[in-house]
């Protein structure tokens, strides 16, 4: 199945196909800053099936909480981060699940995380996801 997504203003569009490599909720400090929330919901997708359909994202490179370099790809107009990439996922894109167009992706539990990263940083008011590996 092919999934498409975009930034808030729609200038950058992406697609990916194939089964996700992983589905993760991340509580790291980077994900908090990028999402403007307590965590970020991420889908690691195969690089071979990932495409930029339109627009040219800006990039920001930093050392993530993992200690490894990671690149964020975002819209220079609306500021939405669409995906990140780095050695931590063998350079398979880490798509921010909220950019996916199909709202059923969340409703039908397709985005349900299998893993919670940096779970020691999870706010006490956020419950652990049942069945997700805690790392």
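Take residue 88 and decide whether it is free of Cβ contacts under 8 Å to residues at least 40 places away in the same chain, farther than 26 Å from residue 125 by Cβ and surrounded by 13 or more Cβ atoms within 10 Å (Cβ to Cβ).
yes
Residues in the range 13-49 that are surrounded by 14 or more Cβ atoms within 10 Å (Cβ to Cβ), part of a loop (DSSP other than H, G, I, E, B) and in contact with a helix residue (DSSP H, G or I) (Cβ under 9 Å, 6 or more places away or on another chain): how many?
Looking only at that region, the number is 6.
Quick check on this structure: which one of 57, 130, 123 is over 20 Å from residue 22 (Cα atoms), more than 17 Å from the chain's Cα centre (by Cα) and either surrounded by fewer than 14 Cβ atoms within 10 Å (Cβ to Cβ) or in contact (Cβ under 8 Å) with a residue 24 or more places away in the chain (or both)?
Being over 20 Å from residue 22 (Cα atoms), more than 17 Å from the chain's Cα centre (by Cα) and either surrounded by fewer than 14 Cβ atoms within 10 Å (Cβ to Cβ) or in contact (Cβ under 8 Å) with a residue 24 or more places away in the chain (or both) holds for just one of 57, 130, 123, which is 123.
If residue 105 satisfies every condition in (1) in a loop (DSSP other than H, G, I, E, B); (2) within 15 Å of residue 20 (Cα to Cα); (3) under 15 Å from the mean Cα position of the chain (by Cα) but one, which is the exception?
Every listed condition holds for residue 105 apart from (1).
For the list (1) part of a helix (DSSP H, G or I); (2) more than 12 Å from the chain's Cα centre (by Cα); (3) within 27 Å of residue 10 (Cα to Cα), I need the number of the one condition that residue 88 fails.
In the conditions (1) part of a helix (DSSP H, G or I); (2) more than 12 Å from the chain's Cα centre (by Cα); (3) within 27 Å of residue 10 (Cα to Cα), residue 88 misses (3) alone.
Please determine, by comparing only the residues of the range 103-121 that are at pLDDT 90 or above and in contact with a strand residue (DSSP E or B) (Cβ under 7 Å, 6 or more places away or on another chain), which one is nearest to residue 43 (Cα to Cα).
My answer is 113.
Has the range 29-50 got any residue that is modelled with pLDDT under 95, under 20 Å from residue 11 (Cα atoms) and under 13 Å from the mean Cα position of the chain (by Cα)?
Yes; the residues of the range 29-50 include at least one that is modelled with pLDDT under 95, under 20 Å from residue 11 (Cα atoms) and under 13 Å from the mean Cα position of the chain (by Cα).
The values are calculated or read from the model by the stated rules, or taken from the named source; none is laboratory data. All values derive from a computational prediction rather than experimental measurement. Heads up, the Cβs are rebuilt from the backbone with ideal geometry, glycines too, and the neighbour counts pull from every protein chain shown.
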